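Reading through the structure tokens given below for one structure.
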Amino acid sequence: MKRFFPLIIGYCLLSGSSCVGFSGATSAEEYYTIGMAYFELGKYGEAETWLNKARLADKTKVASEYNLGRIAFETKRYTEAARYFDTILARDPDNVMALKAAAYTRIKTGDLSAAEALYNRVLALVPESADDGYNYALVLYAMEKYDQAEMVLSKYQFALLENKDVLLLFARTRRILHKPEAADSYAQWLEANNDPAVRYEYALVLEEAEFYARALEEYRKVLTELPPNSKEPTKSSLHYTIGRLLLIADAESEEGITELETAVTEGFTDTEALEALLEEEKLSEAHKDAIRRIIENMKTHPTPAEPAETEPADTELEEAGTVEV
């Protein structure tokens, strides 16, 4: 009947009755089986009890410690999870699963330097791992090592085509590095996805490259797609951006001043940005005088700013996505 033991345990767990006193659990392998059955059901406390029994035997020690680390991770005890993975690595420095888990856990603890070193070791052992390459680049990006992040991402061209998060990180890295190829990466992302905030970034890249007509087209698309109470960009700041671009691109057009006035009406309050715009050489003197009048009117009759978003924005690491341990 021993061959039916996992089935009996499964029934016992699903029925809600306790298996802790089950007399058949006499070996480390059976302790491990029970622990993992509880793990799969999300009963982490019971799983820890049995996996701790299993880890006392050499045969199930590494697997038990690894899964105890997973339980600690799932229950947000990240420092404890890291200790389990480090214990495995102390005995087996090239254990790829433990290296990956330890690296990703260090992202959660905020120890990016340790995460960087661990991912570097992972990719030395499994250089073909696109998921780990992405996570490594994500850490480098967070550490503002943009050149290195781009170099890592460039090694996984196939992943750029298949994974929108990888492609977006690649585009953002190139944008920060002021590389004209950033426009191509953003355009590729937007072919299959739609996000006004990302389209806004794309428009900024186009404007920086002086593709003014294309940038204006993208800014106007963002304006039509922007959700209420958008934090970045806000509706008012977008009108300001469109106005600034129109004034720079066409010294004869009055539409840019109209957009700036609309921005103020919508709640734009950044007089410093308008004062900086006065330093733009491409602006006509007539437009500069109009901007000065707008600034003076803002100071005389302040307009309430747009309401801020109440929920905190996700961090760059959370926005870009992650790989599970």
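Data for the structure
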{"item": "Cleavage-rule hits (GluC sites (Glu not before Pro)) in the range 157-233: DSSP loop, at most 13 neighbouring Cβ within 10 angstrom", "result": "E210"}
{"item": "Using a Förster distance of 35 Å, the FRET efficiency for A192-A57 (Cβ separation, nearest 0.05)", "result": "0.10"}
{"item": "5 angstrom amide H check on K155, placed H, neighbours 5+ away", "result": "none"}
{"item": "HN-Hα J in Hz across the range 77-91 - Karplus 6.51, -1.76, 1.60, θ = phi - 60°, x for Gly and Pro", "result": "9, 5, 5, 5, 4, 4, 5, 4, 5, 5, 4, 5, 5, 5, 8"}
{"item": "Extension reserve of the T75-A124 stretch, reckoned as 0.36 nm per residue once the Cα distance is removed", "result": "14.6 nm"}
{"item": "Added length on full extension, which subtracts the Cα-Cα distance from 0.36 nm per residue, E279 to T224", "result": "16.8 nm"}
{"item": "Pairwise Lys count, the range 218-301 - Cα closer than 26 Å, eight or more residues apart or different chains", "result": "9"}
{"item": "Stokes-Einstein D for the range 218-301, Kirkwood Rh over Cα pairs, 4 °C, 1.567 mPa s (µm²/s)", "result": "100"}
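Every number in this text was worked out from the coordinates using simple rules, so none of it is lab data. Please read these numbers as outputs of a predicted model, since none were measured by experiment. No Cβ is skipped: glycine too gets one built from the backbone with ideal geometry, and neighbour counts run over all protein chains shown.
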